[in-house]
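**Student:** Got a structure for you, written out below as structure tokens; questions coming shortly.
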Amino acid sequence: MGRSRTILMADDNRSDVSLVSYSLRSAGCNFPIRWLKDGEMLLRYLGRNETARQRPLLVLIDWHMPKSKPFEILRLIRIQPQYLNLLIAVLTG
């Protein structure tokens, strides 16, 4: 199943997104990172882009976002069959 070359990062802190982007680039990962400010934006994005060609390479989720409950976001992603094999990492600070 194909995937786009995009990494999605749901995080309310722009500085954290910049740090992760820098770290990934320094490690040789040059895929674009799309910043989504909370879990709700992530779910909306995935809902609009659910074809296999548009599926992200990786999703990074901040554990401590004020408006989001990470377990609920993960559950809502995983109940969708097209995202059962989606790579997801949860980040904490």
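The values are calculated or read from the model by the stated rules, or taken from the named source; none is laboratory data. What you are looking at is a predicted structure, and each value in this text was computed from that prediction instead of being measured. Note: ideal-geometry Cβ built from the backbone for every residue, glycine included; neighbour counts use all protein chains shown. Heavy atoms of the whole protein, side chains included, go into the accessibility calculation; ligands, DNA and RNA do not. Shrake-Rupley method; radii C 1.70, N 1.55, O 1.52, S 1.80 Å.
**Student:** How many angstrom lie between the C-alpha centres of the stretch 1-44 and the stretch 76-93?
**Tutor:** Distance between centres, Cα-based: 14 Å.
**Student:** Please give, to one decimal in nm, the separation of the simple spin-label points placed at V90 and Q54, each 7 Å out from Cα toward the Cβ.
**Tutor:** About 2.7 nm separates the two model spin labels.
**Student:** Moving to a separate point now. Stretched out fully, how many nm does the piece from Q82 to C29 gain, at 0.36 nm a residue minus the Cα gap?
**Tutor:** My answer for the length gained is 16.6 nm.
**Student:** I would also like to ask the following. State whether the chain is rounded, prolate or oblate according to the following rule on the C-alpha gyration tensor (a ≥ b ≥ c being the square roots of its eigenvalues): a/c under 1.5 gives rounded; otherwise a/b larger than b/c gives prolate, and the remaining case gives oblate.
**Tutor:** oblate
**Student:** Still on this structure, I have one more. For the ranges 30-36, 66-72, what's the packing order if you count other beta-carbon atoms within 10 Å of each residue, average per peptide, and put the highest first?
**Tutor:** On the way: 30-36: 15.3, 66-72: 12.7.
So the peptides 30-36, 66-72, ranked by packing, come out 30-36, 66-72.
**Student:** Let me ask you something else. How much of the accessible area of the stretch 25-93, in percent, comes from carbon and sulfur atoms when a 1.4 Å probe is used? Write down the numbers at each step before the final one.
**Tutor:** Values: 2470 of 4400 Å².
Whole-percent figure for carbon plus sulfur exposure: 56.
**Student:** While we're on this one: Counting only residues 5 or more places away or on other chains, whose amide H sits under 5 Å from the amide H of V90 once H atoms are built in the peptide plane?
**Tutor:** When sequence neighbours closer than 5 places are left aside, the close amide H contacts are I61.
**Student:** Let me ask something else. Which order do peptides 58-64, 79-85 fall in by mean Cβ count within 10 Å, highest first?
**Tutor:** Final packing ranking: 58-64, 79-85.
**Student:** Please work out the average accessible area per residue across the chain, using the 1.4 Å probe convention, and give it in Å². Don't skip to the answer; put the middle values down first.
**Tutor:** Numbers: 5780 Å² over 93 residues.
For the chain, the per-residue accessible area is 62 Å².
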